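The values are calculated or read from the model by the stated rules, or taken from the named source; none is laboratory data. Nothing here was measured: the structure is a model prediction, and the numbers come from that model. Every residue, glycine among them, receives a Cβ derived from its backbone with ideal geometry; neighbour counts consider all protein chains shown. Areas reflect the complete protein model, heavy atoms only, side chains present, ligands, DNA and RNA absent. Shrake-Rupley method; radii C 1.70, N 1.55, O 1.52, S 1.80 Å.
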Amino acid sequence: MEKKEFTIEGRNAVIEAFRGGKPIDKLFILDGCQDGPVSTIKREARKRDVLIKYVDKERLDQLSQTGRHQGVIAIAAAYEYARMEDIFELAQKKGEPPFVILLDNLEDPHNLGAILRTANLAGAHGLIIPKNRAVGLTVAVARTSAGAINYTPVVKVTNLVQTIEELKKKGLWFVCADMGGTLMYDLNLTGPIGLVIGNEGEGVGRLVREHCDMTAAIPMKGDIDSLNASVAAGVLSYEIVRQRLLGK
């Protein structure tokens, strides 16, 4: 369901947004501000695992659309997030083993949008992203996805490691992109699978990588040592597609 991305400014407005259940991606608070209403806002944000950023007044003024932010600005999501059940229902509806893509702290909205587009075209049943330290469903993401955001469920979770372990109980195997891994052609990527793509700079985090069943390396013949996150997601997604079509 589409929603216009917007800022919510002012202490009472932000408190009411939290209490009204609006999907908030990020919260900006004036550094050093600790009065009663701000403490309430921080408490509500922590209940929902919303990322809090402490910034100076100049940054808040830049973000503000009204000029009356009172030291607090919340960034609301442009689109509704899905439930984990939505991913499995889509796989069941298509009669396919689940294929999900997990993104470990991806920060660039254009990468997320491009991965959404690839995920849809490659037949992935959904994306999973962490609540903290990662880009959410912004207007830029929606634009880059070329409409895929309307068809591919995106689920936001508190802890990727915990989510991986829960999904393993549902029969999924997990493979993460890693330059030091096994050549992707030598892995069995058929069946219910979760593909983990890492942060643009650091790749997949150590803890997340350790909870994956396999690590997949993409063959590279050039002079640089890594691929853009969205390109890596595309290459590995289509290796999964190839193996599914050919039965490995």
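Quick check: the angle from helix 36-47's long axis to the longest principal axis of the chain, C-alpha only, nearest 10 degrees?
The angle comes out near 10 degrees.
So, for the chain, what is the accessible surface per residue at a probe of 1.4 Å, expressed in square angstrom? Don't skip to the end; give the middle numbers.
Values: 12450 Å² over 248 residues.
Averaged over the residues of the chain, the accessible area is 50 Å².
By a straight-distance test (C-alpha under 14 Å), which aspartates and glutamates pair with K26 as possible cross-link partners, with residues fewer than eight away in the same chain excluded?
Of all the aspartates and glutamates, those that pass the test against K26 - Cα under 14 Å, at least 8 places apart if same chain - are E5, E9, E44, D49, E107.
Which of the GluC sites (Glu not before Pro) found in the stretch 156-213 are loop residues per DSSP with 13 or fewer other Cβ atoms within 10 Å of their Cβ?
Working: sites: E165, E166, E200, E202, E210; in loops: E200, E202.
Here the sparse-neighbourhood loop sites are E202.
Using amide H atoms built in the peptide plane, which far-off residues or other-chain residues are under 5 Å from C176 H to H?
Correct list: V196, M214, T215, A216.
Can you find, among A74, G180, L207, the residue farthest towards the positive end of the dipole of the chain? Put +1 on the C-beta of Lys and Arg, -1 on that of Asp and Glu.
Value computed over the given set: A74.
Quick check on the chain: helices-only [θ] at 222 nm, where DSSP H runs of length 4 and up contribute -39,500 (n - 2.57) each and the sum goes over total residues. Nearest 500, please.
Details: 9 runs with 90 residues, N = 248.
Dividing the helical sum by the residues of the chain leaves -10500 deg cm²/dmol.
Is the stretch 128-246 rounded, prolate or oblate when judged by the Cα gyration tensor, a ≥ b ≥ c being the square roots of its eigenvalues, rounded requiring a/c under 1.5 and prolate requiring a/b larger than b/c?
Verdict is rounded for the stretch 128-246.
Using a basic spin-label model with each label point 7 Å from the Cα along Cα→Cβ, how many nm lie between N159 and Y238?
3.7 nm
Does anyone have the angle between helix 229-246 and the longest principal axis of the chain? Alpha-carbon axes, 0 to 90°, nearest 10?
Once rounded, one gets 40 degrees.
Name the shape class, rounded, prolate or oblate, that the alpha-carbon gyration tensor gives for the stretch 18-74, where a ≥ b ≥ c are the square roots of its eigenvalues, rounded holds for a/c under 1.5, and otherwise prolate holds if a/b is larger than b/c and oblate otherwise.
prolate
Provide the percentage of antiparallel DSSP beta bridges, counting only those with both residues in the chain; round to the nearest 5.
Percentage antiparallel, nearest 5: 30.
Accessible area, 1.4 Å probe, largest first: how do K53, K42, K93, K168 sort?
Greatest to least solvent exposure: K93, K53, K168, K42.
Considering only DSSP beta bridges whose two residues both sit in the stretch 154-248, what percent are antiparallel, to the nearest 5?
Details: 1 of 10 bridges.
In the stretch 154-248, DSSP labels about 10 percent of beta bridges as antiparallel.
Of all accessible surface on the chain at a 1.4 Å probe, what whole percent is carbon and sulfur?
49 percent
Kindly write out, for the stretch 130-141 in residue order, the coupling ³J(HN,Hα) from the Karplus curve 6.51 cos²θ - 1.76 cosθ + 1.60 (θ = phi - 60°), rounded to whole Hz, with x marking Gly and Pro.
Per-residue couplings from phi come out as x, 6, 9, 6, 8, 6, x, 7, 8, 4, 4, 4 Hz.
Sorted by average packing, counted as other Cβ atoms within 10 angstrom per residue and highest first, what order do 17-25, 58-66, 150-158 take?
150-158, 17-25, 58-66
What percent do you get for the relative contact order of the chain when only Cα pairs under 8 Å and 6+ apart count?
On the way: 482 pairs, mean separation 46.3, N = 248.
Computed value for the chain: 19 percent relative contact order.
Where the centroid of each part is defined by its Cα atoms, how far is the stretch 124-180 from the stretch 183-248 in Å?
The distance from the Cα centre of the stretch 124-180 to that of the stretch 183-248 comes to 14 Å.
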